[in-house]
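So that we are looking at the same thing, I have put the structure below in structure tokens.
The values are calculated or read from the model by the stated rules, or taken from the named source; none is laboratory data. Computed from a prediction, not measured in an experiment: that's the story for all the values here. Quick reminder, even Gly has a Cβ in these numbers, built from the backbone with ideal geometry, and neighbours come from all protein chains shown. Calculation scope for accessible area: heavy atoms of the full protein, side chains included, ligands and nucleic acids excluded. Shrake-Rupley method; radii C 1.70, N 1.55, O 1.52, S 1.80 Å.
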4 protein chains.
Amino acid sequence: MPDRVRVALIGAGRLGRRHAEVLASQIPQAELAAIADAHEPTARAAAEATRLDRWTTDPEELIADPSIDAVAIASSTDTHAPLIIAAAEAGKAIFCEKPIALDLEGTDAALDAVAEAGVYLQIGFQRRYDKGYRAAKERIDAGEIGRVETIRDAMRDPAPASREFLATSGGMFRDMTIHNFDAARWLAGSEVEEVYAIGAALVDPMFAELGDVDTSIVTLRFASGALGVIDNGRRSTFGYDVRTEIFGSDGALFVGQQRDTPLLQLNREGVRHDHVYWFLDLFAEAYAEELRVFVAAVADGTRPGPSGEDARAALALAYAAEASRRDNRPVAVSQFDRAPGSA
Amino acid sequence: MPDRVRVALIGAGRLGRRHAEVLASQIPQAELAAIADAHEPTARAAAEATRLDRWTTDPEELIADPSIDAVAIASSTDTHAPLIIAAAEAGKAIFCEKPIALDLEGTDAALDAVAEAGVYLQIGFQRRYDKGYRAAKERIDAGEIGRVETIRDAMRDPAPASREFLATSGGMFRDMTIHNFDAARWLAGSEVEEVYAIGAALVDPMFAELGDVDTSIVTLRFASGALGVIDNGRRSTFGYDVRTEIFGSDGALFVGQQRDTPLLQLNREGVRHDHVYWFLDLFAEAYAEELRVFVAAVADGTRPGPSGEDARAALALAYAAEASRRDNRPVAVSQFDRAPGSA
Amino acid sequence: MPDRVRVALIGAGRLGRRHAEVLASQIPQAELAAIADAHEPTARAAAEATRLDRWTTDPEELIADPSIDAVAIASSTDTHAPLIIAAAEAGKAIFCEKPIALDLEGTDAALDAVAEAGVYLQIGFQRRYDKGYRAAKERIDAGEIGRVETIRDAMRDPAPASREFLATSGGMFRDMTIHNFDAARWLAGSEVEEVYAIGAALVDPMFAELGDVDTSIVTLRFASGALGVIDNGRRSTFGYDVRTEIFGSDGALFVGQQRDTPLLQLNREGVRHDHVYWFLDLFAEAYAEELRVFVAAVADGTRPGPSGEDARAALALAYAAEASRRDNRPVAVSQFDRAPGSA
Amino acid sequence: MPDRVRVALIGAGRLGRRHAEVLASQIPQAELAAIADAHEPTARAAAEATRLDRWTTDPEELIADPSIDAVAIASSTDTHAPLIIAAAEAGKAIFCEKPIALDLEGTDAALDAVAEAGVYLQIGFQRRYDKGYRAAKERIDAGEIGRVETIRDAMRDPAPASREFLATSGGMFRDMTIHNFDAARWLAGSEVEEVYAIGAALVDPMFAELGDVDTSIVTLRFASGALGVIDNGRRSTFGYDVRTEIFGSDGALFVGQQRDTPLLQLNREGVRHDHVYWFLDLFAEAYAEELRVFVAAVADGTRPGPSGEDARAALALAYAAEASRRDNRPVAVSQFDRAPGSA
């Protein structure tokens, strides 16, 4: 392993651009080596902003470069699995935004390639690196709240994404709830055995036209016996709403943050403060921290995760939730397990 | 209607005693006329504490007294329906703690008697008179949050009640969740059409022995299209946990209160405040307010509710939740509707 | 001492009326025996509201009545000292609103009468019986924050009182800051040795016309070495602002309460809650608790205070603050000590 | 002006190192050109961490370099004035940590040099670039709270600095309160005309030995008529305590932040959260923002400040406070005005 981990970024959209900035300047152990984006002006702009000479529209070129140690994939979802497979075959460590693929087959193919190559794959479930969530997990693991009994997890976007994005997003459970599925499994320290999901298009008829929902509630039964519930909305009116409550036998933990600016305004209308609006603001630190962990893992040979199997488990929960919603019945998650003998 | 409404209290246990104090001194329009309790020392002690000469072990005696305008029933659940029927036949206005009965038949019989007599019946769903809940309801009704889309409602007791109490309580849904069912219907301004419930005995094996659960989650589909979720626990570790979030198309309302004493303590361990522990503390004002409203209603001839039909609707939801939990499937609430032609 | 303490209320204005209600119904050990108010309709209305037969415009009549154990004085300030003297000579226990008098001479005369008669006098510094302040004092006394080093105390009225009231109020320091002076001495557990005060008429020119201020800051040096600061305003715009911070060598305590209704409203403008507006709301419990303590003290023969000497000490601080503001220099409080040989 | 502003950092201690990181990577418009530190290993380590080839122990070398546009001075206080003078004479734009000098004479000499050279000088009063303070200032300037009437400003360090540092720090008012003096002037939009200060050594006898205080309160009279109070402590027990309240005729603003991790822990002891401990954490964003503003100002030729005159004004307040504490009397700030005819 060289002194510094040389990372190529693939995909320089909104979130990829953020990753580029972090890799370029906030992780001493990392060197941002090159940027690829299918859209040439996007690639160039990201390179210029990070004072990088090397950019391309062809990710394969970077994957083939032996001087590059690792790739960070933030391109469109449909490219994730092929890029993971190519990078794994080239022996690169891989950071990839969720999901690996919108289907379990594509996911499994990518995971097989990763397993065969023995490379490290870390998924961009950034919540695991958020300061509040990390502290909650540490206290749970330290036994501070005893046995986990109930998890209440909520996420609401400030406003719906565009129709274009939503049409290919895979629907609420695979696109949005998947973050909650991962967080719930991780915090509970237990797998989900059964889910029941309800959903509705209340925010915008567009969701119904797409066969999707914009409001949903999913209940969870964990193998540990604990219960859970996730509720999501595509519009919160007041900003990005991410809160989780974990109730244990000896205490409870409430994760979440509402105020953006540390300022209260008081007058005849009462007391008012603002609310964090945007996920890039709410998770600014988490996005940096997950890359810090990734780079350190590549350097050290550790595998802190979240792993590709974590991504698959969350996707299986999304499948189960979708089946539950469609058929209006509780659904065992095991039916989305990987076929025996595979991998 | 006389100058002051003469109210007889039936049942002077923990909550009944509180009602006695409120009726005796905090409602100028009311006169606490007499107290009945099956347990003679309890009746006498409550009378002495409120400087009342008249107490009895026989509620029928008070119901038969024409000088008494209204009865407030806080005796054990199994006596509610018979007392309501007797009081209705005697033409008294009736305030009764929830539930009317643990079964729908008993409930319907009591409601029939009330309907026939044309008397006013108000149920002790005190949450409707809590300052936070009232303000939330007013703002919803004023259109301040637009259309209600999602309701998240939580309630946790500080610690489990005694085995004796629990054994005859009717189980979590009829004893505890019934408060949330009423609040959800009321805040949503819409009936629940379908429920799905999961539950577990995680807090104490006693609950499993009783065929009951101590932890549960119930999802709700409202006729309006809105979604809801209620989660309950028989032990919260940190005090009485009552919080409700209502998300609408134009805003959200979060009801609830955590701090009891307006005091923060700051030191090396961080910042700490206490939490309200006991329902009689949390709802102190609500218990007084509901009786104030009842007495005013008796005096004015208005019927602000919550009515006996509200109590029945909440009980039907508890039945549906129990059926759902037993069969692990979503259950239509309509199957617990009153038989056509009844009442 | 009879079974119940028979208390006569003198002065049935806004606060006196509140005292009447508490004495009539919220303290089992007390009996409200009679009400006196110089304004006949006020006396009658208060008696009717508390279902009392006995009311009068002549307080002397009640003071002379041997069946009355104690008087609660809430009449206008100029009557306090004469009534205390008369009540003391009649051997009554005395609860009196602050201040005893606007001048030190009148105060001393009343205290001399109380000392000579050996009766119990409790002053209506209700803050000492507020739940938050009581808890803070208990934690300080239990050593939880170590040695007290700094006290920051703030009080703002929602809006100025009427010109009539203000003209005879004695000015900001004697009328308003006196509460903070008492709280500061009590929480610090130490006397104030020197004060420096600045003030201005910023809210309303009326204050300047009256030779008074509406905004002020007073710094305090305690005998213990601790420092303190009190800031006051006659208008807060957002409600009644009462907050105190106590910093010690091992921790800090912040007392105060902002939210009235336990409700958050969230929308595009951010997060909003209300603020308690009125002192009768903020201190509702404290006003009841101080009378409970008074009645118990009369029954038990204890003397929990705050005593007449506490009232004098706070008044001396107000005098020192006024001298400091007038001369714009720090002023030793000792110059307002009682003349040696007096009392 | 070249494409990017080339900045040399002088002084790479704790805060200087932070500035280096920000200049190296978080401001696209800036280029960190070189680092100077009198301590050779410190200079080298800072250069390595920011992947910079150029470092030196001689700041003069960098000041003399015509390719460098601006210097950021974070070296020890005694070097500030000479470096400012040298940099001004060399025509560099200057960012300098507070204070310019511990005495008014040194400050005036530096300001004269800056004025003569016509270069831009910005002082590191980072609070002006904190998100909460900026928002407060914007709302005040927008008239949202009307006329400013009272300012309450508090700052407490988590724990005392070392004796070595304190011995040459200039004392509490020049070292610590100077931040509050600047914030108070800036938020009030008015100069302070008179101060009165009290102080004590309560935290550690070391402060008395140094002729310094560790706890202080300063009252302020503004030219606008507004009143202010600043209280400081060298040890807060619970972390870094920075809070400001501004009361106006139409509302109030409370700036400050307590919680570091967005996590509540609830159990039998109540509800607990942590508190931000360290100023580099509390002001992380502000330290980046002030340099962003500085670099943009250099590029654009604007002079947003805080200026050298602001630094002098705050220092004059510190002198006045010290005189007030020494003589125990209010002190007019005008006596520390610059001599007429100077500059």
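Going by the structure shown, is A:V255 over 18 Å from A:A161 (Cβ atoms), of a type outside the set (D, E, K, R), touching a helix residue (DSSP H, G or I) at 6+ places or on another chain (Cβ under 9 Å) and more than 14 Å from chain D (Cβ to nearest Cβ)?
no
Here's another thing I want to ask about it. Take the residues in the range D:129-179 that are of a type in the set (F, W, Y) and touching a residue at least 40 places away in the same chain (Cβ under 8 Å), then tell me which one is most open to solvent (accessible area, probe 1.4 Å).
In this case the residue turns out to be D:Y129.
Then there is this: Working only within the range C:252-264, note down all residues that are buried (at least 21 other Cβ atoms within 10 Å of the Cβ) and touching a residue at least 40 places away in the same chain (Cβ under 8 Å).
Within the range C:252-264, C:A252, C:L253, C:V255 meet the criteria.
Which members of the range D:265-278 meet the condition of being touching a residue at least 12 places away in the same chain (Cβ under 8 Å) and over 24 Å from A:Q265 (Cα atoms)?
Scanning the range D:265-278 gives D:Y277, D:W278.
Can you tell me which residue is nearest to C:Q126 (Cα to Cα) among those in the range C:294-309 that are open to solvent by 10 Å² or more (accessible area, probe 1.4 Å) and in contact with a strand residue (DSSP E or B) (Cβ under 6 Å, 6 or more places away or on another chain)?
So the residue we want is C:V298.
Then there is this: Being open to solvent by less than 20 Å² (accessible area, probe 1.4 Å) and within 28 Å of A:G199 (Cβ to Cβ): is that true of B:A101 here?
It is false that B:A101 is open to solvent by less than 20 Å² (accessible area, probe 1.4 Å) and within 28 Å of A:G199 (Cβ to Cβ).
Any idea which of B:E289, B:E245 is in contact (Cβ under 8 Å) with a residue 40 or more places away in the chain and either out of contact with any Lys or Arg (no Cβ under 7 Å at 6 or more places or on another chain) or assigned to a helix (DSSP H, G or I) (or both)?
B:E289
Tell me which residues, restricted to the range C:105-121, are outside any helix (DSSP H, G or I) and touching a residue at least 12 places away in the same chain (Cβ under 8 Å).
C:V119, C:Y120, C:L121
For the range B:286-305, state whether one or more residues are of a type in the set (D, E) and within 22 Å of B:G256 (Cβ to Cβ).
yes
With the condition being closer than 23 Å to A:H80 by Cβ, more than 10 Å from every other protein chain (Cβ to nearest Cβ) and of a type in the set (A, V, I, L, M, F, W, C), I'd like the helices (runs of 4 or more DSSP H) fully within the range A:163-242 carrying at least 1 qualifying residues.
Hits in the range A:163-242: A:163-167, A:178-188.
Just checking: which of the helices (runs of 4 or more DSSP H) contained wholly in the range C:1-69 hold 1 or more residues that are basic (K, R)?
By residue number, C:14-25, C:40-49.
Among the numbered criteria (1) farther than 26 Å from B:G189 by Cα; (2) of a type outside the set (F, W, Y); (3) more than 10 Å from every other protein chain (Cβ to nearest Cβ), which one does B:P262 miss?
(3)
This table checks each residue for (1) on the phi < 0 side of the Ramachandran plot; (2) touching a Phe, Trp or Tyr at 6+ places or on another chain (Cβ under 9 Å).
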position	(1), (2)
A:G239	no, yes
A:G251	no, yes
A:E269	yes, yes
A:A284	yes, no
A:L291	yes, yes
A:A321	yes, yes
A:N328	no, yes
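Search the range D:69-80 for residues being open to solvent by less than 10 Å² (accessible area, probe 1.4 Å) and touching a helix residue (DSSP H, G or I) at 6+ places or on another chain (Cβ under 6 Å), and hand back the single one that is nearest to D:A296 (Cα to Cα).
Residue satisfying both the conditions and the ranking: D:A70.
Conditions tested, residue by residue: (1) at pLDDT below 95; (2) among the basic types (K, R); (3) under 24 Å from D:Q335 (Cα atoms).
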{"position": "D:D141", "(1), (2), (3)": "no, no, no"}
{"position": "D:E149", "(1), (2), (3)": "no, no, no"}
{"position": "D:R156", "(1), (2), (3)": "no, yes, no"}
{"position": "D:T168", "(1), (2), (3)": "yes, no, no"}
{"position": "D:F173", "(1), (2), (3)": "no, no, yes"}
{"position": "D:I178", "(1), (2), (3)": "no, no, yes"}
{"position": "D:A183", "(1), (2), (3)": "no, no, yes"}
{"position": "D:E193", "(1), (2), (3)": "no, no, yes"}
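Condition test on C:A49, is it within 14 Å of another protein chain (Cβ to nearest Cβ), out of contact with any Gly (no Cβ under 9 Å at 6 or more places or on another chain) and among the small types (G, A, S)?
yes
For the range C:222-251, enumerate the residues that are surrounded by fewer than 24 Cβ atoms within 10 Å (Cβ to Cβ) and either aliphatic (A, V, I, L, M) or farther than 19 Å from C:R156 by Cα (or both).
C:F222, C:A223, C:S224, C:G225, C:G248, C:S249, C:D250, C:G251
On to the next question. Working only within the range B:40-57, note down all residues that are under 11 Å from B:A8 (Cβ atoms) and out of contact with any helix residue (DSSP H, G or I) (no Cβ under 6 Å at 6 or more places or on another chain).
B:L52, B:R54, B:T56
Checking C:A321 against (1) touching a residue at least 12 places away in the same chain (Cβ under 8 Å); (2) within 22 Å of C:A135 (Cβ to Cβ), only one condition comes out false. Which one?
(2)
Can you find even one residue in the range C:270-278 that is more than 10 Å from every other protein chain (Cβ to nearest Cβ), open to solvent by 10 Å² or more (accessible area, probe 1.4 Å) and within 30 Å of C:F207 (Cβ to Cβ)?
yes
Let me ask another. Scan the range D:20-32 for residues that are open to solvent by less than 60 Å² (accessible area, probe 1.4 Å) and either more than 14 Å from chain A (Cβ to nearest Cβ) or of a type in the set (S, T, N, Q) (or both) and jot them down.
D:S25
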